[in-house]
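**Student:** Attaching a single structure in structure tokens format; questions to follow.
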Amino acid sequence: MSNKREYDDKKLFNDIAANYAKKDLTPYCRIARKYRLDRSLKGIQKPINKMLEVGCGAGFTVNYLKGKYLNYTGIDYSENLIKFAIKYNNHNHVNFECLNINEYVSQTKFDVVLMIGVLHHIPEPENVIKLLSKILSPQGVIVINEPQAGNPIIGLLRKIRKKIDNNYSSDQVEFTKDEICSIFQSCGYKVETYSQGILSTPLAESRFLPGFIGLPLAWVAVTLDPILEKILSILSLKKLTWNIVVHARQKE
């Protein structure tokens with residue numbers, strides 16, 4: 001079953017690769033997607049020496065984090081997305097590889113392993129997290145950003161999108177914060193969690209707005225979201241955001 005799920009998911013992303021890459025080529029989406037990435041890495045010392053991104057897609061992290069890393073490796077099991085990554089983001093000290101994370105072998109020890117919206121595509125996430133332990137530097141951190149369960153309105157919107165958007169994976173799931181923490185803790189990690197995404201997330205994932213509307217909305221969203229995220233965190237209402245960020249470090 002897990003192999004079929006991976007096969008279906010890989011086929012989907014190969015089929016939609018061109019449309020998927022267009023998100024990162026749409027100016028207002030870029031603003032929101034860069035914001036999501038920056039917030040996912042908040043508190044992590046930069047420049048990052050060696051970074052691995054699992055599920056790198058079209059590789060635009062290379063652009064969004066320019067100047068904030070020294071060496072970047074991106075892997076994805078979609079051949080077509082890797083082609084776009086090489087086309088748009090192939091620079092010095094950047095390497096893209098097309099493969100499944102379960103097949104990844106490296107002598108390099110990475111300081112940051114990044115997964116943006118990837119964990120819920122992995123059939124057996126505990127196995128992958130244990131594998132990552134072998135390539136994580138002693139002080140390294142796994143950074144994930146995941147859609148989360150908790151807000152009924154957001155949950156309803158995601159269910160509707162599954163029905164009407166052929167580019168949206170039917171395997172999309174939302175973990176609760178406790179479920180994500182439990183996965184990492186069972187693999188020997190200590191975790192910190194952050195709430196992320198209120199107004200900006202829909203703008204990061206859709207291209208339906210004309211630019212003259214989308215651009216100002218994106219700037220307003222990324223200006224207000226840090227304030228709203230902080231308020232929800234103080235009120236212990238992280239579950240009301242679209243996403244949850246986890247920083248996981250191996251226990252000493």
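**Student:** Return the residues of the stretch 124-162 that are at pLDDT 70 or above and in contact with a Phe, Trp or Tyr (Cβ under 7 Å, 6 or more places away or on another chain); say none if nothing qualifies.
**Tutor:** Those that are at pLDDT 70 or above and in contact with a Phe, Trp or Tyr (Cβ under 7 Å, 6 or more places away or on another chain): ILE129, ILE135, LEU136, SER137, GLY140, GLU146, PRO147, GLN148, ALA149, ILE154.
**Student:** Sticking with this one: Pick out, from the stretch 7-77, the helices (runs of 4 or more DSSP H) lying fully within it that include 2 or more residues that are open to solvent by 50 Å² or more (accessible area, probe 1.4 Å). Explain how you work it out, then say what you get.
**Tutor:** On the way: elements: 17-23, 27-40, 61-64.
In the stretch 7-77, the matching helices (runs of 4 or more DSSP H) lie at 17-23, 27-40.
**Student:** Then there is this: Which condition breaks for ILE213 when tested against (1) modelled with pLDDT of 95 or more; (2) open to solvent by less than 30 Å² (accessible area, probe 1.4 Å); (3) closer than 19 Å to LEU25 by Cβ?
**Tutor:** Of the numbered conditions (1) modelled with pLDDT of 95 or more; (2) open to solvent by less than 30 Å² (accessible area, probe 1.4 Å); (3) closer than 19 Å to LEU25 by Cβ, the odd one out for ILE213 is (2).
**Student:** Would you mind telling me which numbered condition in (1) more than 26 Å from ILE16 (Cα to Cα); (2) open to solvent by less than 50 Å² (accessible area, probe 1.4 Å) VAL220 fails?
**Tutor:** (2)
**Student:** Next question, about the same structure. For the structure I just gave you, tell me whether VAL113 is of a type outside the set (Lys, Arg), in contact (Cβ under 8 Å) with a residue 40 or more places away in the chain and touching a Leu at 6+ places or on another chain (Cβ under 6 Å).
**Tutor:** Numbers: of a type outside the set (Lys, Arg): yes; in contact (Cβ under 8 Å) with a residue 40 or more places away in the chain: yes; touching a Leu at 6+ places or on another chain (Cβ under 6 Å): yes.
Yes.
**Student:** Next up: Among (1) in a strand (DSSP E or B); (2) within 17 Å of the chain's Cα centre (by Cα); (3) without any contact (Cβ under 8 Å) to a residue 40 or more places away in the chain, there is one condition GLU97 misses while meeting the rest; what is its number?
**Tutor:** Just one mismatch for GLU97, condition (2).
Each row is one residue, and each column tells you yes or no for (1) under 16 Å from ILE31 (Cβ atoms); (2) within 19 Å of the chain's Cα centre (by Cα); (3) not aromatic (Phe, Trp, Tyr).
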{"position": "LEU217", "(1), (2), (3)": "yes, no, yes"}
{"position": "ILE231", "(1), (2), (3)": "no, no, yes"}
{"position": "ILE234", "(1), (2), (3)": "no, no, yes"}
{"position": "LYS238", "(1), (2), (3)": "no, yes, yes"}
{"position": "THR241", "(1), (2), (3)": "no, yes, yes"}
{"position": "ILE244", "(1), (2), (3)": "no, yes, yes"}
{"position": "GLU252", "(1), (2), (3)": "no, no, yes"}
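The values are calculated or read from the model by the stated rules, or taken from the named source; none is laboratory data. Note that the structure is a prediction, hence the values are computed from the model and not measured. Virtual Cβ from ideal backbone geometry, glycine too; neighbours counted across all protein chains shown. For accessibility, only protein heavy atoms count, side chains too; no ligands or nucleic acids. Shrake-Rupley method; radii C 1.70, N 1.55, O 1.52, S 1.80 Å.
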